[in-house]
């Protein structure tokens, strides 16, 4: 008896079924990646930061992101400095509903000071002048430009922060000193504190390699560089992401800034979480601006420079030795509005 093998049949694979399956899996992966990039994880993860640069060819900022700032109707207490004995200077700024700076009269300002934990008491104000009007001072401000060179930065982003920082300085109406700090995975000091505008300009334009985002370490280095300088001290921070190098914490940076009366003027763009900008600006008595696209920063640097030019300097007598932990209250009457700030 002879057995005959069954006739074999040709196996057919439905190409379109597999194609549709793979396409659906790819779409699911893209949606998942998009959600992760828009999360806190995506704002601080080095791999996500690298990937965002290429995915942002589709969208360079978070979907639904809108410009925002805290410049309007603001009162900020930027610092207190001993002149001699019991005489002090207070640096503060006031803005109107259009974010324009205001000059104030002595009768419209009340300053109260007290020992830590006590109720502040009003002091006698001798005079108030603008920072631009303090002609007897040489460098009236020392700033630290703290600049983000993380992997998610496009060439046009780098052009924007470099040129706009330069525009900020060109709009100042008084002598200044500055230091330039650039951060990626590490922190690089391109120039120490200098009063030479051309040297500062050169440092602002000098490129460094891209990496992760050592944001807090960069800010801390800026504070260390300028904390011993006279008169107004501030950080000029530009960034498109959240910290993902964990050598310093945000709380450390804010504490060091407050201890040394250093305000942060923060310019953010891209996929970052704006809540971090708000916290830095509010707790250091500074300002923040967020725009989705770095090309939109151009109008904001001159606005901040205009506010800085008109920072008010109140000279007063204090019954106590004012320290960073002292209780201080500032009240300014602007028309029918009364603005208050305390620390």
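Derivation of every value follows stated rules applied to the coordinates shown; laboratory data play no part. Values in this document were obtained by computation on a predicted structure and should not be read as measured data. Neighbour counts are summed over all protein chains in view; Cβ atoms, including those assigned to glycine, are modelled from backbone coordinates with ideal geometry.
Looking at the stretch 211-222, is at least one residue under 18 Å from the mean Cα position of the chain (by Cα) and under 30 Å from residue 84 (Cβ atoms)?
yes
Only one of (1) touching a helix residue (DSSP H, G or I) at 6+ places or on another chain (Cβ under 9 Å); (2) crowded, with 22+ Cβ neighbours inside 10 Å fails for residue 313. Which number is that?
(1)
Kindly indicate whether residue 132 is in contact with a helix residue (DSSP H, G or I) (Cβ under 9 Å, 6 or more places away or on another chain) and over 20 Å from residue 318 (Cβ atoms).
Yes: the conditions hold for residue 132.
So in the stretch 306-330, with the set limited to residues that are assigned to a loop (DSSP other than H, G, I, E, B) and farther than 18 Å from residue 83 by Cβ, which one is farthest from the chain's Cα centre (by Cα)?
Kept after step one, since they are assigned to a loop (DSSP other than H, G, I, E, B), are these residues of the stretch 306-330: 310-311, 318-326.
With the extra rule that they be farther than 18 Å from residue 83 by Cβ, the set shrinks to 310, 325.
Numbers: 310: 20, 325: 24 Å.
So the residue we want is 325.
I need the full set of residues from the stretch 73-84 which are surrounded by 14 or more Cβ atoms within 10 Å (Cβ to Cβ) and not in a loop (DSSP other than H, G, I, E, B), in order please.
Those that are surrounded by 14 or more Cβ atoms within 10 Å (Cβ to Cβ) and not in a loop (DSSP other than H, G, I, E, B): 75, 76, 77, 78, 79, 80, 81.
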